[in-house]
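Q: Questions regarding the structure given below will be posed in turn.
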Protein chains: 2
Amino acid sequence: MLETIHDIGEFGLIRRIRTIIDSEGVKPEGLSLGIGDDAASFLPRAGREILVTCDSIVEARHYLPGVIAGYDLGRRAMTSNISDIGAMGGSPLYALVSLGLKGEAAVSEVEGLYRGFLVELNPLAACIIGGNVTESETPFIDITLIGEVAQGKAVRRSGARPGDAVLLTGATGRAAGGLQLLLHRPGDPGLFGNSLVRAYLAPSHRALFGRAAAATGYVTAMIDTSDGLAGDLAHICEESGVGAELFREAIPIDSGLRDAAGDLGLDVYGLAIGESDDYELIMTCDPRHVPDLKAEAESQGVPLTEVGRITDGREICLVLPGGEKRRVDYTSWDHFRR
Amino acid sequence: MLETIHDIGEFGLIRRIRTIIDSEGVKPEGLSLGIGDDAASFLPRAGREILVTCDSIVEARHYLPGVIAGYDLGRRAMTSNISDIGAMGGSPLYALVSLGLKGEAAVSEVEGLYRGFLVELNPLAACIIGGNVTESETPFIDITLIGEVAQGKAVRRSGARPGDAVLLTGATGRAAGGLQLLLHRPGDPGLFGNSLVRAYLAPSHRALFGRAAAATGYVTAMIDTSDGLAGDLAHICEESGVGAELFREAIPIDSGLRDAAGDLGLDVYGLAIGESDDYELIMTCDPRHVPDLKAEAESQGVPLTEVGRITDGREICLVLPGGEKRRVDYTSWDHFRR
């Protein structure tokens with residue numbers, strides 16, 4: 001019979017989690033005290049600022065129960081936090097994980113979650129230093145990720161200036177396409193090899209490129225795409241007090257997304273600029289620094305495309321091939337609104 | 001009509017929260033970037049280690065919906081984290097708050113929550129620097145609190161040695177007594193002025209004394225009581241590889257708790273050593289340093305009582321007045337076990 005959390009209890013579960021972290025995770029040099037006390041402690045490095053972000057995902061709201069395995073869910077939850085540290089130009093160091101779990105959940109699924117966390121943290125030499133588990137009818141994962149960046153070098157959302165180029169890594173809308181496929185073809189086992197479905201269930205991040213781009217000193221503003229190309233560009237615009245134009249023909253369209261949009265009868269540009277958590281990076285810079293950032297991207301094998309321009313307006317417009325401008329309404333993607 | 005989160009949306013709610021934090025919270029010197037970007041950032045002080053803890057509370061599991069107002073709930077959630085930093089001998093600095101909320105929740109309750117957080121943080125010159133809100137059928141609050149401590153001076157659970165005295169601030173079991181009163185007399189409005197009920201709904205912490213005690217250099221191990229006197233002493237014993245004796249007659253009993261236990265037909269010592277989240281501090285030290293710690297406590301007006309002794313055993317025993325020793329079974333307080 002499947003072993004559940006009820007069977008081994010809270011302290012039994014914590015012991016199992018500690019075993020995985022101790023045996024499969026890394027232990028950075030600066031860590032003075034990890035899991036098992038009232039708080040963890042570490043010694044910050046001189047000349048560095050500490051970055052902190054947190055992000056929570058809730059069952060049914062952020063993921064489909066039964067569709068995504070613990071391991072992928074763990075990767076996805078950690079990836080979204082790593083992406084946030086990368087979007088500041090920083091390096092992840094230490095994670096704390098709070099889990100809300102049903103007592104009847106399988107222990108193996110929770111162990112899978114932690115293996116998913118570690119497979120994302122280990123290559124960055126980052127580790128889990130704390131957290132807690134609690135019983136909750138609605139399961140949730142809340143991660144706090146701590147990172148570091150050279151003092152004064154964090155790239156904010158607020159530095160975009162009119163005339164700046166808007167650059168995008170990779171291609172957006174893939175996660176949204178994957179979600180649409182899962183919703184339209186429930187139970188189709190063939191979907192799990194689909195690249196869009198993989199992009200939705202197990203996204204990657206661009207944190208290493210974010211750090212390298214920030215280190216050039218040319219990036220004026222940066223954000224990762226968890227709300228979508230237009231929605232996240234809007235966050236930059238709001239914090240910088242500017243507007244933006246997106247050149248429709250310049251927006252990179254994934255070939256699989258084009259196919260899926262055709263099959264599903266959806267507008268491929270709607271998917272590419274709309275709500276989608278792809279964890280790509282949007283960055284702005286003076287147009288004369290675009291070649292430098294492209295060269296840096298090329299050296300890392302990261303696709304980087306100039307997709308728009310910052311304006312002195314207040315809104316985001318999509319510029320069609322004929323020059324027509326359409327205002328993009330991204331405010332409709334507010335989750336709590338009914 | 002009551003304004004709900006559905007009415008103002010996620011971004012509307014975030015704006016309201018930012019307004020409260022900006023206008024009613026403090027802004028420490030080291031904070032370089034607060035709420036509103038992919039991550040917050042701060043500059044750590046030289047010669048300090050960073051402490052991090054997180055704690056989540058879940059509706060129905062940790063608090064009774066409808067019984068506790070947002071303001072008290074916010075105070076309680078923040079207090080439990082402040083207490084953890086204090087139990088390491090540290091000072092709280094920065095908090096991140098993740099909320100899971102029902103869309104039909106009242107905005108005023110959420111604003112009350114934040115005012116509760118701030119009323120606990122402000123006297124410590126600590127502030128909220130990040131977080132997120134998400135929709136969840138089961139409401140939850142997950143707080144990560146970051147603090148600092150002089151390098152090498154954090155007090156762990158693992159330093160207790162056989163022969164050490166066991167000291168306790170205040171009196172334990174009051175929160176458990178308050179909860180029992182609420183459960184036995186549901187709807188009784190007279191309860192809300194009861195000191196035990198207040199101890200349960202709006203507990204205090206001993207973080208300032210924890211810091212002062214750690215600064216003496218005499219404390220060998222320290223923990224705060226969120227599981228209860230025996231349960232948390234057991235955590236010290238487990239991490240230190242020791243056992244402990246609690247002298248029953250030395251355990252401070254709150255007079256209100258004695259009355260309530262009589263009314264409810266409950267064993268007052270069971271309440272005082274059993275599961276109860278009072279956020280008192282348990283600390284151990286060489287017996288010759290007890291007077292120094294008591295003097296420090298007295299200077300802060302904190303009651304500090306010697307309640308037991310660390311042994312070279314592996315279990316926790318309650319020593320009765322006649323000398324009889326009874327083994328305390330605290331493992332029954334594992335929440336997930338059925």
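Q: Output the number of the condition that B:Phe247 fails; it satisfies all remaining conditions of (1) out of contact with any helix residue (DSSP H, G or I) (no Cβ under 8 Å at 6 or more places or on another chain); (2) touching a residue at least 40 places away in the same chain (Cβ under 8 Å); (3) over 20 Å from B:Arg327 (Cβ atoms).
A: (3)
Q: Related question: Restricted to region A:130-139, and to residues that are facing another protein chain (nearest Cβ under 7 Å) and in a strand (DSSP E or B), which residue is surrounded by the fewest Cβ atoms within 10 Å (Cβ to Cβ)?
A: So, considering only residues that are facing another protein chain (nearest Cβ under 7 Å) and in a strand (DSSP E or B), the one surrounded by the fewest Cβ atoms within 10 Å (Cβ to Cβ) is A:Asn132.
Q: Suppose we filter region A:82-116 for residues that are more than 12 Å from chain B (Cβ to nearest Cβ) and either among the charged types (D, E, K, R) or closer than 26 Å to A:Arg156 by Cα (or both); how many remain?
A: Selection size over region A:82-116: 3.
Q: Got a number for residues in region B:140-174 being in a loop (DSSP other than H, G, I, E, B), surrounded by 21 or more Cβ atoms within 10 Å (Cβ to Cβ) and within 11 Å of chain A (Cβ to nearest Cβ)?
A: Residues flagged as in a loop (DSSP other than H, G, I, E, B), surrounded by 21 or more Cβ atoms within 10 Å (Cβ to Cβ) and within 11 Å of chain A (Cβ to nearest Cβ) within region B:140-174 amount to 4.
Q: I'm checking my understanding of the structure. Among residues of region B:9-42 that are away from every other protein chain (no Cβ under 11 Å) and within 30 Å of B:Gly152 (Cβ to Cβ), which one is least open to solvent (accessible area, probe 1.4 Å)?
A: B:Pro28
Q: Before we move on, is A:Ala77 within 30 Å of A:Lys102 (Cα to Cα) and at the interface with another protein chain (Cβ under 7 Å from one of its Cβ atoms)?
A: No: the conditions fail for A:Ala77.
Q: Which of the residues belonging to region A:120-162 are among the charged types (D, E, K, R) and closer than 21 Å to A:Arg48 by Cα?
A: Correct list: A:Glu148, A:Lys153, A:Arg156, A:Arg157.
Q: Does any residue of region A:222-234 turn out to be open to solvent by 10 Å² or more (accessible area, probe 1.4 Å) and not in a helix (DSSP H, G or I)?
A: Taking every residue of region A:222-234 in turn, at least one turns out to be open to solvent by 10 Å² or more (accessible area, probe 1.4 Å) and not in a helix (DSSP H, G or I).
Q: Follow-up. Looking only at residues that are buried (at least 23 other Cβ atoms within 10 Å of the Cβ) and in contact (Cβ under 8 Å) with a residue 60 or more places away in the chain in region A:86-100, which one is nearest to A:Ala215 (Cα to Cα)?
A: Checked region A:86-100; the qualifying residue nearest to A:Ala215 (Cα to Cα) is A:Gly89.
Q: Sort through B:Glu137, B:Glu104, B:Glu109 and tell me the only one that's touching a residue at least 24 places away in the same chain (Cβ under 8 Å), in contact with a His (Cβ under 9 Å, 6 or more places away or on another chain) and more than 20 Å from B:Ala207 (Cβ to Cβ).
A: B:Glu104
Q: Output the qualifying pairs, or none if there are none: Cβ atoms under 9 angstrom, residues six or more apart or on different chains, first residue in region B:157-186 and of a type in the set (S, T, N, Q), second residue open to solvent by 50 Å² or more (accessible area, probe 1.4 Å) and in a loop (DSSP other than H, G, I, E, B).
A: B:Thr169/B:Arg206; B:Thr169/B:Pro303; B:Gln180/B:Leu266
Q: Another question about this same structure. Looking only at region B:43-71, filter to residues that are more than 30 Å from B:Ala175 (Cα to Cα) and either assigned to a loop (DSSP other than H, G, I, E, B) or touching a Phe, Trp or Tyr at 6+ places or on another chain (Cβ under 6 Å) (or both); which one of those is least open to solvent (accessible area, probe 1.4 Å)?
A: The residue in question is B:Ile50.
Q: Being over 25 Å from the mean Cα position of the chain (by Cα) and among the small types (Gly, Ala, Ser), is that true of even one residue in region B:76-95?
A: Within region B:76-95, not a single residue is over 25 Å from the mean Cα position of the chain (by Cα) and among the small types (Gly, Ala, Ser).
The values are calculated or read from the model by the stated rules, or taken from the named source; none is laboratory data. Everything numeric here is computed off the predicted structure, so don't read it as measured data. When we count neighbours, we look across all protein chains shown, and the Cβ atoms used for this are built from the backbone with ideal geometry, even at glycine. Surface accessibility is based on the protein's heavy atoms, side chains included, excluding ligands, DNA and RNA. Shrake-Rupley method; radii C 1.70, N 1.55, O 1.52, S 1.80 Å.
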